[in-house]
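See structure below.
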Amino acid sequence: MRGQVQFHRALLACSALVAAGGLMLPQAAKAESEAVDNASRAVPEIIVTARKKSELLNNVPLAVQAFDSDTIAKEGIRSVEDIARRTAGLTFDNGGFMNDTRPALRGMQAERGRPSVAVLFDGQDLTTENLSIAGGGASLNSQLFDLERIEVVRGPQSTVYGRNAFAGAINYISKAPSFTLGGHVGGEIGNGDTQAIDGALNLPIMRDVIALRVNAGYRDQGGFYRNPVTGAKLGSTHAGGFGAALLIKPMTGLSITGRWTHSVETMSESATAFLSANTRLPAPGAKFGPAPGAPATVPCPADLSMLSPSQLASCTRGTLVGPIYASESTIQLSPDPFTKRAFAGLRNRQDLASANVDWSGDWGSLGYRFGYLDAQSFILQDGDFSNFAAPPGLVLSISALQDLRYRTRHFDHEVRYAGSFGAFDLTAGVQRFTETAALDNAAQFWLRSPTSPLAGPPFNLSTAPNANFALPVRNTRETKYWGVYGSVAWSITKTIKLTADARYNDDNITYTIPGWRSQDVTLSKLTPVCLPQFANGAVFSPFSPATTPPPGVVAACARSGTITSQKVTPRFTAEWKPSDAALIYASYAQGFKPGGFNTNEIVELTGQGYRPERVTAYELGAKTTWLDRSLIINANLYYNDYTDQQIGVQNSNVAPNGTVTTTAGIVNAGEVKIYGFEGEIDWRATQHLRLMASYAYTDAKFKSYIQGPPPGSAQAAFDACGVPSGQTSSDQNRAEAGNICADFSGRQVGRSPKHSLNMMAEVRYPVGKASVFFEANALYRSKRFTDESNLAFMPEYWRAGLRAGVDIGSLQVTGYIDNLFDNRRIETAQRNVDFGRPEGFAPGRGFNVTLPRPRSFGMRAGWRF
């Protein structure tokens, strides 16, 4: 309550300050312009299409950051990760696999489910959901070639971009064909064996009627780290692509644009170290066996000092506590067991096609947009990220490899009308989107020790991978979506405008699983057979041979489940323009992200569903220009009421034969409160000096997040925890919460830094017909907790870089140094199960830690003609 009062006071103070400043701007600007001629140093105006129409950036009542083509070329921006480094408040994380990428804005992290930030290419949404762990996306690693602009739009944009723009959107806008002969060619060389070349050619075919633009690019990078185990380079990339766009204007007011791009990317394994648990925490509500091999039936005592090592392992769970650090020497990626060399890594192949038809006249404009995506990914990597001998004793210490094949296809259709009627602007549209996604999961698991007692009766677990593995797990998802949206903007006066937007979303998502797990057919060496008389996952038991499947068989029948949802997402915006140099706006918006099913290593969909996420967002902002546009100051305050965040949990499932399989589950957190402030300054201090800074403060905290008591608890325990009957938690999650209810309320949302800062200073001087420039840049990110437990965290860090170059007419040459001081503090870490160190049959928790890029340097050159 106190935080809300303080926030509301801040809103009022900001409103008064910005309003007063807006009213005084004309006089202040006039006085300053009389003192110095600022016209020659005005900040260039950028046209954006954040609301699907062309507008000046500072006239858009949204928090938008745009990168133009010059910045993209000079800074070498090629991925979502590059954008996140240059955008305060935008985070980027790697998930459990190489194609699992997770951008997030304003503290709305995608721990599970599809990313909360829509990633679009020319308005076509590429956001999808990684079927293996229900997080991230398989089509976000595309190479970026021939871009006109990149726009980062903060806050829910569901009415404009659909339900995937839950926390915001990143929109890549490619260069359109024109009727002027020209193009560009560029290249780059740098350390880490970096080599790149790209180019584009614009061809007018029929004057003012037909134009063609073609482009191509290739990038080769050798990586900056080596695996101490195999000696192989890590993070090396080979990527290439080409595309073509055709523009036809058969008549006045009508234009047709078709585009197709093709890209292929291969990457070696990333520089990832696995950090195992460093602390054993008591697990409230856990039980232990009174004798070796006996079922766990005895409640763990408060004093654990008198327990045997095996009992202590049952009553505690391992996790990592404290700061996360890693280095090249920490990496221990094992070789491919079949080739004895490094794993192949990742291969992405993507075809993207689109068509846009725009017809305009005095009556308004009518548009049709078509989009098609065919994305394929193949991953072969060390699945446990470790290479060590099995620990002694009767322990389920296993090795793993990941062999994953993804295929995603979608069709996207949208029809849109826009028109003006006096003081009213009207927009209406309808969208139809269908997607099919499939994952063939041929992951394998086997005992680390060939001499383990678990390799003999009665477990008979595998001690090596199968070279002729023929039973991959095939999971599929089919999405059918349609939406209707509309917008009415009313210009009440020349300075006041009200806008009401709304979108109706209808989702129908069907998941299908085969009914068996990779662990069943690899580790347990069972053959899946559909036996409807038995529950999926049932195996032979010598104690009841007549009522269980035959030996060597696991009962497995395919299962399907459908998630349906209908949701209206409104948005209301009020704008006040007290002068040409100021815009003050306030908005209210709702966002929605559909639910789904966890499909990772499960045999039944029952109990594996998770609900949609919802957000209600409030924002108050100001966009101002000073000193004849030589100074731009923009700022906003926002508050997000975020409910049902989809979060991964760890489950341990005991099969009838006693083996334990650890699987990932998904639950919905109760409620997250997010308060934030964002500000940016762009100042041409003199004709030669430009200063830029952007800052984001994000306070994201769980107001309510309770998983529940242990399985088998009495009704009174559910009542005491305040959760529905049957909603339970694992020993691991209760240990990390430190209480019997697995209650994480009041803790910070993982992965969200409170403070983010980006700064840049550029000096530019003319030398004859050339222009010489020098740039220094820096970024700061405060510490980030890795998850909701707040036990482990990535420490704060600074990064700095330098740029220097020369522009000679249409030729630009830039030398760069990134991470100038070689700061290697960790930027991203993902929690994972420690399969190799299970402490009996209770695996602990560790983290996959991706090493940051070290100091890198090189030179870029580009020529436009």
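The values are calculated or read from the model by the stated rules, or taken from the named source; none is laboratory data. Quantities reported herein were computed from a predicted structural model and do not represent experimental measurements. Heads up, the Cβs are rebuilt from the backbone with ideal geometry, glycines too, and the neighbour counts pull from every protein chain shown. Just the protein is used for accessible areas: all its heavy atoms, side chains included, with ligands, DNA and RNA removed. Shrake-Rupley method; radii C 1.70, N 1.55, O 1.52, S 1.80 Å.
A Förster distance of 41 Å, applied to the separation of the beta-carbon atoms of Asp641 and Ala546, puts the FRET efficiency at 0.15. log10 I(q)/I(0), Debye, Cα-only the range 795-841, no solvent, q = 0.25 Å⁻¹? Results for the range 795-841 at q = 0.25 Å⁻¹ read -0.93.
Students sometimes get this wrong: rank Cys300, Cys315 by accessible area, probe 1.4 Å, all chains present, largest first. Walk me through the numbers before you get to the answer.
Numbers: Cys300 30, Cys315 0 Å².
Per-residue accessible area, sorted high to low, gives Cys300, Cys315.
Put simply, the amide H of Ser397, placed in the peptide plane, has neighbours under 5 Å in Arg448, leaving out anything fewer than 5 places away on its chain.
Relative contact order of the range 464-600, please, whole-number percent, based on alpha carbon pairs below 8 angstrom and at least 6 residues apart.
On the way: 262 pairs, mean separation 35.2, N = 137.
After rounding, I find 26 percent.
Applied to the range 628-636, the Karplus parametrisation 6.51 cos²θ - 1.76 cosθ + 1.60 on θ = phi - 60° returns per-residue 3J(HN,Hα) values of 6, 6, 7, 9, 10, 10, 10, 7, 8 Hz, with x for Gly and Pro.
Only helical runs count toward this figure. For the chain, summing -39,500 (n - 2.57) over DSSP H runs of n ≥ 4 and dividing by all residues gives -2500 deg cm²/dmol at 222 nm.
Relative to the current alpha-carbon distance between Tyr372 and Asn468, full extension at 0.36 nm per residue lengthens the span by 31.0 nm. Along each principal axis, taking the top coordinate minus the bottom one, the Cα set of the range 476-601 gives 83, 25, 20 Å in descending order.
Charging the Cβ of each Asp and Glu at -1 and of each Lys and Arg at +1, and nothing else, the dipole of the chain about its Cα centre rounds to 180 debye.
Assuming R0 = 45 Å, what is the FRET efficiency of Glu148 and Ser327, from their Cβ-Cβ distance, to the nearest 0.05? Walk me through the numbers before you get to the answer.
Numbers: r = 40 Å, r/R0 = 0.89.
Calculated transfer efficiency: 0.65.
Partners of Lys703 within straight-line reach, counting lysines whose Cα lies under 16 Å from its Cα and excluding those fewer than 8 residues away in the same chain: Lys673.
Cross-link pairs exceeding 25 Å between alpha carbons, from the set Lys175/Lys567; Lys74/Lys769; Lys623/Lys783; Lys52/Lys74; Lys52/Lys593: Lys175/Lys567; Lys623/Lys783; Lys52/Lys74. Couplings 3J(HN,Hα) of the range 194-210, computed from phi: 7, 9, 8, 8, 8, x, 8, 9, 9, 10, x, 8, 10, 3, 6, 10, 10 Hz, in residue order, whole Hz [Karplus 6.51 cos²θ - 1.76 cosθ + 1.60, θ = phi - 60°; x for Gly and Pro].
Computing Rg and the Kirkwood Rh from the Cα coordinates of the range 680-811 gives a ratio, Rg/Rh, of 1.34.
About its Cα centre, how strong a charge dipole does the range 330-428 have in debye, to the nearest 20, once Lys and Arg get +1 and Asp and Glu get -1 at the Cβ? All intermediate terms of the calculation are to be shown ahead of the outcome.
On the way: 9 positive and 11 negative charges, 97 e Å.
So the dipole magnitude of the range 330-428 works out to roughly 460 debye.
Distance distribution P(r), the range 81-135, all Cα-Cα pairs, bin width 5 angstrom from 0: 4, 20, 29, 27, 17, 3, 0 percent.
If you take the square roots of the eigenvalues of the alpha-carbon gyration tensor of the range 435-485 and sort them as a ≥ b ≥ c, do you get rounded (a/c under 1.5), prolate (a/b over b/c) or oblate? Here the range 435-485 falls in the prolate category.
Take every Cα pair under 8 Å in the range 309-407 that's 6+ residues apart, average their separations, divide by the length, and report that relative contact order as a whole percent. Before the final figure, lay out each step's value.
Working: 119 pairs, mean separation 25.1, N = 99.
Reported relative contact order: 25 percent.
I'd like to know which of Phe288, Leu307, Ser236 lies farthest towards the positive end of the charge dipole of the range 194-324, counting +1 on Cβ of Lys and Arg and -1 on Cβ of Asp and Glu. The listed residue farthest towards the positive side: Ser236. Taking amide H as placed 1.01 Å from N in the peptide plane, Ala792 has its amide H under 5 Å from the amide H of Gly322, Thr786, Asp787, each at least 5 places away in sequence or on another chain. Scanning residues 5 or more positions from Ser174 or on other chains, those with amide H under 5 Å from its amide H are Asp122, Glu148, with H placed 1.01 Å from N in the peptide plane. Based on the convex hull around the alpha carbon atoms, the range 713-754 presents an average projected area of 3.6 nm². Determine the sum of side-chain charges near Glu328: Lys and Arg each +1, Asp and Glu each -1, restricted to other residues whose C-beta is under 12 angstrom from that of Glu328. Neighbourhood net charge equals +3.
Within the set of other residues whose C-beta is less than 10 Å from the C-beta of Ser518, count the net charge using Lys and Arg as +1 and Asp and Glu as -1. All intermediate terms of the calculation are to be shown ahead of the outcome.
Working: positive: Arg517; negative: Asp403, Asp520, Glu601.
Value of the local net charge: -2.
Pairs of C-alpha atoms in the range 423-539 farther apart than 20 Å represent 66 percent of all such pairs. Binning the C-alpha pair distances of the range 393-456 at 5 Å intervals from 0 yields a P(r) profile of 4, 11, 12, 8, 8, 8, 7, 7, 6, 6, 6, 5, 4, 4, 3, 2, 1 %, listed from the shortest bin outward.
Can you figure out the FRET efficiency of Thr180 with Trp260, using R₀ = 25 Å and their beta-carbon distance, to the nearest 0.05?
0.70
Over all distinct Cα-Cα pairs of the chain, the Kirkwood formula returns a hydrodynamic radius of 28.9 Å. Basic side chains Lys and Arg get +1 at the Cβ, acidic Asp and Glu get -1 at the Cβ, and with that the dipole of the range 125-268 about its Cα centre reaches some 200 debye. Taking every C-alpha pair closer than 8 Å and separated by at least 6 residues, the mean separation divided by the residue count of the chain gives a relative contact order of 13 percent.
Within the same chain, lysines fewer than 8 places from Lys233 are excluded, and of the rest, those with a Cα less than 23 Å from its Cα are Lys340.
Just add up the charged neighbours of Thr101: K/R +1, D/E -1, any other residue whose Cβ is under 10 Å from the Cβ of Thr101. Please report the intermediate quantities before stating the final value.
Working: positive: Arg102; negative: Glu81, Asp93, Asp100.
Around Thr101, the surrounding residues sum to -2.
Note on the chain: with neighbouring protein chains present and a 1.4 Å probe, carbon and sulfur make up 61 percent of its accessible heavy-atom surface. Quick one, what does Rg over Rh come out to for the range 735-835 if you take C-alpha atoms and the Kirkwood Rh? Ratio of gyration radius to Kirkwood radius for the range 735-835: 1.25.
In angstrom, the C-alpha Rg and Dmax of the range 98-255 are 19.2, 65.
Quick check for you: with a 1.4 Å probe and neighbouring chains kept, what is the accessible area per residue of the chain, in Å²?
For the chain, the solvent-accessible area averages 40 Å² per residue.
Residue-wise HN-Hα couplings along the range 417-428, as the Karplus relation 6.51 cos²θ - 1.76 cosθ + 1.60 with θ = phi - 60° gives them from phi, are 10, 9, x, 10, 9, x, 7, 10, 10, 10, 9, 8 Hz; Gly and Pro carry x. For the charge dipole of the range 371-493, defined by +1 on Lys and Arg C-beta atoms and -1 on Asp and Glu C-beta atoms about the Cα centroid, which residue among Pro391, Ala423, Phe459 has the Cα displaced farthest towards the positive pole? Comparing the listed Cα positions along the dipole, Phe459 ranks first.
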